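The values are calculated or read from the model by the stated rules, or taken from the named source; none is laboratory data. Everything numeric in this text was worked out from a predicted model, so none of it was measured. Quick reminder, even Gly has a Cβ in these numbers, built from the backbone with ideal geometry, and neighbours come from all protein chains shown.
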Amino acid sequence: MNVGALLGEHVRELGEKGNVFYYEGREVNSAETHERTCRLANALSGLGIKPGEVVAISMANSLEVFESFGAIFGIGAVSLPILFLLTPEETRYILADAGAAAVITDTFQQEKILTAVEELDHVREVIVVGGEDGDRTRGYEGLLQRASSRFTPIERDGDDLAMIMYTSGTTAQPKGVMLTHRNLLESSRSAYISNETDHATRSLFCLPMAHIYGVQTMLIANLMRYPGSVGVLMRWFDPEESMRLIQEHRLDLFPGVPTIFNLILYHPELDKFDLSSLKDCVSGAAPLPAELLHNFQDRFGIRIRSIYGLTESSGIGSMVRPSDPVREGTVGRAYENSELAILDEDGNLLGPGEAGEICIKGPMVMKGYLNRPQETEEALRGGWLHTGDVGYLDDEGFLYITDRVKDLIIKGGENIMPAQIEEVIYRHPAVSECAVIGVSDPSYGEDIVACVVLKPGMQATSQDILDFACRHLPRFKQPREVVILESMPRSSIGKILKRELRSTIR
């Protein structure tokens, strides 16, 4: 069992008719990607990288990122994706905590990585895409040119580590989520089946490969068995460029996050592009506001299908399948090889319609947190992955998320879910984005503040939006104030970082 074998299996079955990828003027097919991946695998082995050692990948999306993941998996090493936007200090912490033996980066990140690895004696190699051999670096292309293209992925046990992905959550320091070969294989195959794909697709890949959602899209592409599938890879998401690529390549499948769909829907240049080829849009990583869902469907005539998952469950938890009936607010049903349950604070199973903590069980659930046994035991207690999200299941097993446990606002002893207030404020015609947080209050313990971003070209005052919210909310759920921001603080995948809002708004 080796998740790195997926690409080779794809190529053996489809040959030259396999996937075609476009990236910034380059065109490659799966067979060419496989050959380069094999060369990199041999090069890494030649540098002394052994099974079980950690190799970091820190660069923006590129075809070389695909090759790096495949090669690291293939030799039995452990991939460590690191968001390229992190500071040298943040990068150093992750490299040190994971004990990385090597880093693959690019010329844009080279100096930052060299700064980050100073005094980290366990980092033996820094390999640079677009770079040359130097005192402290090795050129990526030179390594490939000197290596053989004959390679067979080594056999790994299903419980062997394949990837460590750091997730910040609400803690001061990010935690390394340990994912095995079985985790990644089971989750990608389950996601592929649940997508009910029965034809070649033309997909946009704009999600960062340092996020589990992006890694899943890559692995699912390797599972495709329909000749003629196309993928267009973006270095990073840009709304106008994404619309241009959809139009140029007639793309029909668009995995994204609410922020991405919001930026496209309200882009001032939207009418200049033909996006009629889109047939299937999938949204994950953050709650999809009902107002955005309705407006997107009205504009394009297609619904956005919601998915739910987290890094600790290899990116999957539930999905709205294409064949599922339209049910507003749901994030779908559990995948075939997993279970969903709603548990109360004492670990008791709750029934349909009863809200509690969303818990997941199945072969996609992480091995644990690296170097954090107590947090691992807490997260996996009772045989379930405790997500920290609040929701309920209906009588047919469809999941509805109401909020994050840690985002719960307790005002004067009343539990208030921010999502309920956000849904109301999203209905204001000038509001593009909204995040509701709890702030310290001497009288109530906590009070409510709504942070909003306005739609381009729209005008409204804080009082306008506050008055609107108060007309539609009971008194105890009404915000104390509305703060208008230029933009929201975000994670790499576009999720609004409420902990940063709390630290700046008192």
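Structure values in brief
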quantity: Residue that is within 18 Å of Ser313 (Cβ to Cβ) and in the same structural domain as Ala60 (by TED's automatic domain parsing), where the choices are Gly134, Gly158; calculated: Gly158
quantity: Where Ile316 falls short, out of the listed (1) over 21 Å from Gln216 (Cβ atoms); (2) in a loop (DSSP other than H, G, I, E, B); (3) hydrophobic (A, V, I, L, M, F, W, C); calculated: (1)
quantity: Residue ranges of strands (runs of 3 or more DSSP E) in the range 19-72 with at least 1 members touching a residue at least 12 places away in the same chain (Cβ under 8 Å), under 18 Å from Asp106 (Cα atoms) and not hydroxyl-bearing (Ser, Thr, Tyr); calculated: 26-29, 54-58
quantity: Residue satisfying condition, being touching a residue at least 12 places away in the same chain (Cβ under 8 Å), part of a loop (DSSP other than H, G, I, E, B) and more than 20 Å from the chain's Cα centre (by Cα), within set Gly8, Gly76, Gly15; calculated: Gly76
quantity: Failed criterion for Ser58 (all others in (1) modelled with pLDDT of 95 or more; (2) of a type in the set (Ser, Thr, Tyr); (3) surrounded by fewer than 24 Cβ atoms within 10 Å (Cβ to Cβ) hold); calculated: (3)
quantity: Selected residue [within 21 Å of the chain's Cα centre (by Cα), part of a helix (DSSP H, G or I), at pLDDT 90 or above and among the charged types (D, E, K, R)] from Glu248, Glu241; calculated: Glu241
quantity: Some residue of the range 273-288 being buried (at least 17 other Cβ atoms within 10 Å of the Cβ) and among the hydroxyl-bearing types (Ser, Thr, Tyr); calculated: yes
quantity: Failed condition for Asp403, given (1) surrounded by fewer than 20 Cβ atoms within 10 Å (Cβ to Cβ); (2) without any contact (Cβ under 8 Å) to a residue 24 or more places away in the chain; (3) not β-branched (Val, Ile, Thr); calculated: (1)
quantity: Yes/no for Gly15 being on the phi > 0 side of the Ramachandran plot and not assigned by TED's automatic domain parsing to the domain that holds Gly99; calculated: yes
quantity: Residue list for the range 305-331, filter: surrounded by 20 or more Cβ atoms within 10 Å (Cβ to Cβ), in contact with a strand residue (DSSP E or B) (Cβ under 6 Å, 6 or more places away or on another chain) and within 19 Å of Phe261 (Cα to Cα); calculated: Arg305, Ser306, Ile307, Tyr308, Met319, Val320, Thr330, Val331
quantity: Test: residue in the range 335-346 that is of a type in the set (S, T, N, Q) and either under 17 Å from Met178 (Cβ atoms) or part of a loop (DSSP other than H, G, I, E, B) (or both); calculated: yes
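Results for (1) more than 28 Å from the chain's Cα centre (by Cα); (2) of a type in the set (Gly, Ala, Ser); (3) assigned to a strand (DSSP E or B), shown as yes or no for each residue.
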{"site": "Glu423", "(1), (2), (3)": "no, no, no"}
{"site": "His428", "(1), (2), (3)": "yes, no, no"}
{"site": "Glu433", "(1), (2), (3)": "no, no, yes"}
{"site": "Glu446", "(1), (2), (3)": "yes, no, yes"}
{"site": "Cys451", "(1), (2), (3)": "no, no, yes"}
{"site": "Gly457", "(1), (2), (3)": "yes, yes, no"}
